[in-house]
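Undergrad: Would you mind keeping the following structure in view while I ask a few things?
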Amino acid sequence: MKLPHGKIPIGILQDTVFKNLGVNRAEVVLGPATGVDGAVLDIGDKSVIVSMDPITGAVERIGFEAVNVNANDVATFGVQPMFIFSCIMLPEGADSQIIEVISTQMGEAAKELGIAIVGGHCESTPNLVNPIVVCCIMGLANKGEYITSAGAKVGDKLILTKSAGIEGTAILATDREMQLSKVLDFELLKSAKGFYKQVSVVKDALTAYKTGGVHAMHDSTEGGIFNGIHEIADAANLGVQVFEREIVVKPETDKICRFFDVDPLQLISSGALLIAASPESVSKVIEALEQQGIFAAVIGEFTSDPKERIFKVKSGALQALPRPISDQLWTALSR
């Protein structure tokens, strides 16, 4: 089958990738799993959280994105991201200036998050059109002191921080600025470009985890809010009911998505953290986040049947929670 842009379908991941994982090692506590964005290695009295992601859709802020998106994955374990390796692949014929731009962006982002860039690789790659940055990031925790996206429980409330489509809004406003400037006013477009400031969930995740009562967290990346919800439910083998009226879509996101005719709930949403918390802890978690200046709201609840994933639209009608085939960013960038 011809693959869609972005993440490969779950079926291929499970039937092909997960069946070719080398040898079993005792240090691997958590290896590749559906809906889980990192691995856990136990070494001595420490647990090492490791994750890796590429940045392929963004251009102008690719170095910034590479650090923040990868840091998010480790933070969703409730662990501070600490070390990062990068592989920077540049278009054939690129000059040294692009290396300076990407490296400066990565250095500034890493410094802001308290991360050390400790190694990697950089090359000019034949036949490549746009730069690609792949990062591997690590965090350290005392042995067993972390959570995973597979930890959600029946009855847990589903909390969302900030709003839908944060990263996609920033990418489109920046990389398609000339196109959008013909239909959107200057201030709205400027505000949309500023959404890059919201793509980190490190503060969100560490705050929620330290508050207590949090069983699972997941960053809404490719496929947006919808795919993020499916992934956290997949990891825990649970069902879920989601309420459209509770999901915030900012005016900037709404207008950009309307222009490109794409769904903001299926648009890459790094910065929008999904949290599964016990009913008794919800108010404390939301209050702790708000004290950090982070908006959060309950948008759903986890249920027992993994086959029942319900989306209650604003009209009150119930429908199956859509599972994105590909991120709407790719659709928008093609127009």
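Undergrad: Pick from 58, 141, 116, 109: which is at pLDDT 95 or above and buried (at least 20 other Cβ atoms within 10 Å of the Cβ)?
TA: 109
Undergrad: Name the pairs: first residue in segment 92-112 and more than 21 Å from residue 129 (Cα to Cα), second residue surrounded by fewer than 14 Cβ atoms within 10 Å (Cβ to Cβ), Cβ to Cβ under 8 Å, at least 6 apart or on different chains?
TA: From residues that are more than 21 Å from residue 129 (Cα to Cα), the pairs are 110/116.
Undergrad: Hey, among the residues in segment 69-93 that are modelled with pLDDT under 95 and surrounded by fewer than 18 Cβ atoms within 10 Å (Cβ to Cβ), which one's nearest to residue 215 (Cα to Cα)?
TA: Here the answer is 91.
Undergrad: What's the number of the only condition in (1) in contact with a strand residue (DSSP E or B) (Cβ under 7 Å, 6 or more places away or on another chain); (2) closer than 22 Å to residue 106 by Cα; (3) among the hydrophobic types (A, V, I, L, M, F, W, C) that residue 159 fails to meet?
TA: (2)
Undergrad: Still on this structure, I have one more. Quick one: which residue in 183, 201 is in contact (Cβ under 8 Å) with a residue 60 or more places away in the chain and surrounded by 24 or more Cβ atoms within 10 Å (Cβ to Cβ)?
TA: 201
Undergrad: Taking segment 43-66, which residues are part of a helix (DSSP H, G or I) and either hydroxyl-bearing (Ser, Thr, Tyr) or out of contact with any Asp or Glu (no Cβ under 9 Å at 6 or more places or on another chain) (or both)?
TA: 62
Undergrad: Here's something else I'd like to know. Among the strands (runs of 3 or more DSSP E) contained in segment 100-208, which hold 2 or more residues that are hydrophobic (A, V, I, L, M, F, W, C), under 24 Å from residue 41 (Cβ atoms) and touching a Pro at 6+ places or on another chain (Cβ under 8 Å)?
TA: By residue number, 132-142.
Undergrad: Moving on. Among the listed residues 318, 267, which satisfies the condition of being crowded, with 18+ Cβ neighbours inside 10 Å and in the same structural domain as residue 195 (by TED's automatic domain parsing)?
TA: 267
Undergrad: May I ask you to say which residue of 148, 174, 211 is more than 21 Å from the chain's Cα centre (by Cα), of a type in the set (S, T, N, Q) and within 28 Å of residue 297 (Cβ to Cβ)?
TA: Selected residue: 211, the only one of 148, 174, 211 that is more than 21 Å from the chain's Cα centre (by Cα), of a type in the set (S, T, N, Q) and within 28 Å of residue 297 (Cβ to Cβ).
Undergrad: Is segment 122-136 home to any residue that is in contact with a helix residue (DSSP H, G or I) (Cβ under 7 Å, 6 or more places away or on another chain) and surrounded by fewer than 19 Cβ atoms within 10 Å (Cβ to Cβ)?
TA: Yes: segment 122-136 contains one or more residues that are in contact with a helix residue (DSSP H, G or I) (Cβ under 7 Å, 6 or more places away or on another chain) and surrounded by fewer than 19 Cβ atoms within 10 Å (Cβ to Cβ).
The values are calculated or read from the model by the stated rules, or taken from the named source; none is laboratory data. Owing to the predicted nature of the structure, the values given are computational and were not obtained by experimental measurement. We place every Cβ from the backbone using ideal geometry, glycine too, and count neighbours over all the protein chains shown.
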